[in-house]
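To keep things clear, I will list the structure first and then write my remarks on it.
Any read-out appearing in this document is the output of simple, stated calculations on the displayed coordinates, not a laboratory observation. Just so we're clear, the structure is a prediction, and the values are computed from it rather than from any experiment. All Cβ positions, even for glycine, are placed from backbone atoms using ideal geometry, and neighbour counts span all protein chains on display.
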Amino acid sequence: MFFDTDVIVVGAGPAGSLAAYILAVQGIKVTILEKTLFPRYKVCGGGLTHKILKEIPFDLSPVIESTIHSFRFSHNYGNVFTRHSADPLMYCTMRGHLDAFLLQKATEAGAEIRMGEQVISFVQDGSGVTISTKEKSFRTHLLIGAEGASGIVSRIAGLRDAIEMGLAWEAEVTADPEDLKIFFETVFLDWGTLPGGYAWVFPKKDHFSIGVGGPAGLSKGMMQYYDRFVASISDNAVDHPGTGIRFHETRSQASWPIPVRTRKSRFHNGRVLVTGDAAGLGDPLTGEGIYYAIRSGKLAAETCTEYLSGKIISVNVYSEKINDELMKELLEANKIKHLLNAFPLKIHSFVGESDRAWRAFGKILRGERWYADVYKGFGKWKHFWNLICFISGIVEKRKEKRF
C-alpha cells in the first residue's frame, strides 16, 4: 500500500515542529499538517526556562527578547519585594516568533510542511493511518497529535481522560520606553489573590506581556483581577516614580485554555501518539506548557524512530516514558500548587525572607532542581509531605468555592 510519508505530525507548535525536526534529521520522511498560516500571533506568556533551552538542539537566541535576573513578588497586590539573581533565571520570547523559528528549523532539516490543512478525521488499520483534511487525505505509518488543547487527534483517539482545564488571560501592552529599560530584566508575579492562580508581567523588546491565570471555574473573576493587578503595578499606584510602570496602549487581549492531566494515563492509541497540550501536559503550578510540549515532542520522535527502525514492535513505550518522567513531575507540581494556594502569604514571606527559599526557587526555574525534589527541603516534615499536600488541597478547594 502506498504511504505518503512515514510520520504525520498534526500541529506546528513547539511539540510538533521539534518532533518533525528530530525525525527529519534522522532521514525519516515526515510531514506537518498545520491548519493556520505562519507567521501567526499566538497568545502565551512566552517564558522560556533553562530546561527548555537544554532540550532544543540549536540556538534559540534569535527569538529571545529578554533575559530575566529579577522577580518582583506581591501578595494580594501588596507586600512587595524584589529578589535578584546574578545568573539568568529564565528568558522571554514571543510565541509567534518562537513557533515560526522552530518550524523553519524543521523545514531546513527536510520536513514537509503543509499549511492550511485542517484535519477532520483519521482511521487506523493494521498497517497505518489514513488522515483526512477538508481537501485531501494522507497515508502514514504513524501519527503524532501536537495541535494543542482543542486537538481533534487526541479526541478521536480517546486520549482526553483525566484532564482538568485551567484558563489564562493575557494582553500585550506598550509602555514608556524608560520603564521598559528599568524592568527589562524583571518579571512581576502576584500570588495569593485569585485562589489557585496568579498574575504576571513578562518584559519583551518593545512591550510587556501581562496576564492572569487560574482554574477555569473562576474565569468570571479573572478580568477584574487583571484590571486590579495592572492598576497595582502602574506608576499611578505607587508613591515614588520609577517603581511602577507607565502603561500606554493595549495591543491585544485574549484567553487560552491550560489542560492539566490529573493522573497517569495512556498517551498513545495504536499508531497515534499525543504530545504537549493535546496530551494535557500543562503545568498545574505555573500554567507553563512549552517545556512539556518540547520534551514530549522529543520523546514522541524518539519512539517513532525506534518503531520505524524495528527496535520496538509497538509505541506503548511512549506512554511509559511520559508517565515515568513528565507525569511524575506534573503530579508533584500539583501537590506544591495545593500547598502554595492554601498558605500563599506564608510562602510569599518565606521566599522574601529566606535566601534558601529564594535559591530553591531559582534552581527550579533553571531546571537544576525538579518538583519531585522539593519535599526533601522540608527536613523532618518531609515524611508527612503527601499528607500535608492532601490537606492543603482541601483548603485550596474551599478557597475556590468561597471565591
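Compute log10 of I(q)/I(0) for the chain with the Debye formula, placing one identical point scatterer on every Cα and leaving out solvent, at q = 0.08, 0.13 Å⁻¹, to two decimals.
-0.43, -1.10
At each listed q (0.13, 0.19, 0.21 Å⁻¹), what is the log10 of I(q)/I(0) that the Debye formula gives for the range 179-328 modelled as equal alpha-carbon point scatterers?
Those come out to -0.72, -1.09, -1.23, one per q.
According to the Cα gyration tensor, what semi-axes, each the square root of 5 times an eigenvalue, does the equivalent ellipsoid of the range 39-106 have, listed from largest to smallest in whole Å?
For the range 39-106, the ellipsoid semi-axes come out as 27, 15, 8 Å.
Compute the acute angle (0 to 90°) between the alpha-carbon long axis of helix 95-109 and the principal axis of greatest extent of the alpha-carbon atoms of the chain; round to the nearest 10°.
It is inclined by approximately 30 degrees.
Just how many % of Cα pairs in the range 341-402 lie over 15 Å apart, if you round to the nearest whole percent?
That tail contains 62 percent of the Cα-Cα pairs.
So what is the relative contact order of the chain, in percent, for Cα pairs below 8 Å that sit 6 or more residues apart?
Details: 840 pairs, mean separation 78.3, N = 403.
Relative contact order, the chain: 19 percent.
At Ile312 and Met165, where each label point lies 7 Å from the Cα along Cα→Cβ, what is the point-to-point distance in nanometres?
That separation, rounded to one decimal, is 3.1 nm.
If each of Ser70 and Lys376 carries a label point 7 Å out from its Cα toward its Cβ, how far apart are those two points in nm?
Between Ser70 and Lys376, the simple spin-label model gives 3.2 nm.
For Arg251, which sequence-distant residues (separation of 5 or more, or a different chain) have an amide H within less than 5 Å of its own amide H, given hydrogens modelled in the peptide plane?
Glu172, Val173, Thr174
Taking other Cβ within 10 Å of each residue's Cβ, how do Val63, Val10, Val395 sort, fewest first? Intermediate values should be presented prior to the final figure.
Details: Val63 20, Val10 30, Val395 15.
Taking fewest neighbouring Cβ atoms as first place, the list is Val395, Val63, Val10.
Which of the peptides 252-262, 44-54, 278-288 is most tightly packed, and how do the rest follow, going by the mean number of other Cβ atoms within 10 Å of each residue?
278-288, 44-54, 252-262
Report, to the nearest 10°, how far helix 344-353 tilts away from the longest principal axis of the Cα atoms in the chain, using its own Cα long axis and a range of 0 to 90°.
Approximately 70 degrees, to the nearest 10.
What shape does the range 238-395 have by the C-alpha gyration tensor, where a ≥ b ≥ c are the square roots of the eigenvalues, rounded means a/c under 1.5, and otherwise prolate means a/b greater than b/c and oblate the rest?
Taking the square roots of the gyration eigenvalues as a ≥ b ≥ c, the range 238-395 is oblate.
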